[in-house]
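First the structure, in the form of structure tokens, and then the observations on it.
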Amino acid sequence: MLIIPAIDLRQGRCVRLTQGRKDSATIYDDDPLEIALGYQASGAQMIHIVDLDGAFSDSSSRNREVLGKIVSHLGIPLQFGGGLRSIRDVERVIELGVARVVIGTLAVEEPHCLDEMLRSFGANRIAVGIDARDGRVLTRGWEKEGKVSALELAKEIALHGVERIVYTDVARDGMLTGVNVEQTRMIARESGLKVTASGGVSSLGDIRRLLKAPGEVTCSLDATVGVGSIDSVIVGKALYEGRFTLQQALLTIAALTGHKLH
């Protein structure tokens, strides 16, 4: 299972929100590049970056400048999302050097654009973020509740050729209350998609629970594992709050899988 540290950007600084509310931001650091370099030095194989200003439709060029700086200094892939409302938006961040983009609102509101992006950039470069509260999909920076369920959306985008989703239980995000393993597992099993779990990681126990999730879904260290798998997890606030370190998380995975750290 891949552990993916998260960096959420608000006006160029590292912050974390509680349940996605933009008025709940806690500022953790003024230098996102330093944080990213620290994660890389600790063994991260990918970093997840979110432009919160873009997600909330707040104009801010500073976050994209910070993203470009991080891309140019790191030697590991970056996954990026937040405010990508058009094919051109996606193209720009890929041109910056982002390895994978996560789109949410666009996939829900304009599925024809999703088809075009998959054709233009490939399924390995496009992931769909499914953010849900009580099983219902939220869009526009988690401020608009849609009529479709998370499972319905997952099945629909699978038909379009999407291979991966980032599934976030918004009610748990930033709350340090534990991952919704059962819901995440169900989405993976029923959709047949690769799933990156997100929202609520609070302890090494949460990572163990994801790795050991029972049933048909396969949890693996290998990010290329087949369909219907929880193969990665995004961790944010737990790292900032010192609940555990990235290296401790990686050692936990290594101990459970028998894989040695590189």
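Rule-based calculations on the coordinates, nothing more; no lab input. Note that the structure is predicted; figures quoted are calculated from it, not measured. Neighbour counts run over all protein chains shown; Cβ positions are idealised from the backbone, glycine included.
Arranged from fewest to most other beta-carbon atoms within 10 Å of their beta carbon, Tyr240, Tyr39 become Tyr240, Tyr39.
So, with +1 on the Cβ of K and R and -1 on the Cβ of D and E, and no other charges, what is the size of the charge dipole of region 68-130 about its Cα centre, to the nearest 20 debye?
Details: 7 positive and 7 negative charges, 53 e Å.
Its charge dipole is roughly 260 debye.
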